[in-house]
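> One structure follows; several queries about it will come next.
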Ligand code: PMP
């Protein structure tokens with residue numbers, strides 16, 4: 001990770017090395033945190049944060065689902081993200097807002113003496129699943145771990161503890177030589193990658209699992225669906241049996257970190273022609289076109305962070 005100069009902590013920008021927590025922090029013991037992953041880009045009109053509004057709305061909703069009282073409004077947190085990017089003079093960066101229960105009593109249900117702390121960190125960042133994968137496609141496998149469902153946790157929340165399941169899914173895949181693992185639900189339908197949503201293409205139609213398939217409501221997922229519809233492509237949200245991945249013409253993953261990453265094989269079975277498919281390539285260039293200006297941002301997705 002590239003260390004930056006400052007971190008926003010509880011409303012103030014402080015030096016990176018001063019943003020510390022105590023070992024008695026509740027979140028360290030029980031995973032009681034909610035967070036976001038947001039990206040900023042160097043665009044043709046200066047730097048901008050991609051869909052900051054949608055990300056911080058989801059952040060506030062994650063807090064609501066876990067009844068974590070936020071001390072800042074969504075707008076204040078959005079400004080905190082802009083200030084962190086500006087203060088560190090970042091362009092192509094990853095932004096991590098995080099709210100967690102800090103140090104206090106150790107009861108599982110946080111008592112009144114347990115503070116709610118919020119930080120926003122930003123640092124320079126490139127491709128998550130590798131440069132080569134963006135053009136050639138990546139190899140994935142179906143995980144032996146199924147996705148935790150809404151019967152146990154609010155899957156739509158982006159919460160710290162949920163990522164133990166994601167760590168098992170992603171870690172198992174990487175140990176076996178794959179770039180990513182795809183989880184299925186308890187019903188055997190496709191859920192998502194450890195930190196990405198899944199898309200399949202068959203006979204020119206784009207398919208993706210619905211929210212009820214234990215997925216995070218990805219903001220890149222929603223953006224790609226909008227871009228696809230704008231391009232006149234049909235997008236269908238429906239429960240998808242695992243085996244459709246083996247017979248799809250094309251497959252790709254979306255996420256803030258992964259952006260739009262093609263998949264070339266699943267469990268060693270080639271997807272389509274075994275490389276990036278033509279519709280995936282079109283969607284990928286429409287997505288990256290938002291930043292180089294070749295795709296018009298008709299939705300106001302780019303939140304400018306002017307240079308002071
Ligand atoms: N699913 C999970 C579990 C994730 O962690 C992420 C990354 N936030 C995604 C999907 C993709 O969501 P987004 O496009 O909003 O980054």
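The values are calculated or read from the model by the stated rules, or taken from the named source; none is laboratory data. Only a predicted model underlies this, so the values are computations on that prediction, with no experimental measurement involved. Neighbour counts are summed over all protein chains in view; Cβ atoms, including those assigned to glycine, are modelled from backbone coordinates with ideal geometry.
> Is it the case that the range 291-298 has a residue that's outside any helix (DSSP H, G or I), under 21 Å from residue 57 (Cβ atoms) and outside the structural domain of residue 156 (by TED's automatic domain parsing)?
yes
> A further question on this structure: Go through the range 240-267 and give me each residue that's without any contact (Cβ under 8 Å) to a residue 40 or more places away in the chain and either within 24 Å of residue 131 (Cβ to Cβ) or not in a helix (DSSP H, G or I) (or both).
Hit for the range 240-267 is 243, nothing else.
> Does at least one position in the range 214-234 carry a residue that is over 14 Å from the mean Cα position of the chain (by Cα) and crowded, with 23+ Cβ neighbours inside 10 Å?
Scanning the range 214-234, I find at least one residue that is over 14 Å from the mean Cα position of the chain (by Cα) and crowded, with 23+ Cβ neighbours inside 10 Å, so the answer is yes.
> In the range 54-73, what residues are more than 16 Å from the ligand (Cβ to nearest atom), crowded, with 16+ Cβ neighbours inside 10 Å and over 20 Å from residue 109 (Cβ atoms)?
72
> Could I ask something else about it? Condition first: away from the ligand (no atom under 16 Å from the Cβ) and assigned to a loop (DSSP other than H, G, I, E, B). Can you find one or more residues in the range 204-216 that meet it?
Yes: one or more hits.
> Against the condition in a strand (DSSP E or B) and under 21 Å from the mean Cα position of the chain (by Cα), how does residue 96 come out, does it pass?
In short, yes.
> Something else now. Please go through the range 64-75 and give me each residue that is in contact (Cβ under 8 Å) with a residue 60 or more places away in the chain and assigned to a helix (DSSP H, G or I), ordered by number.
65
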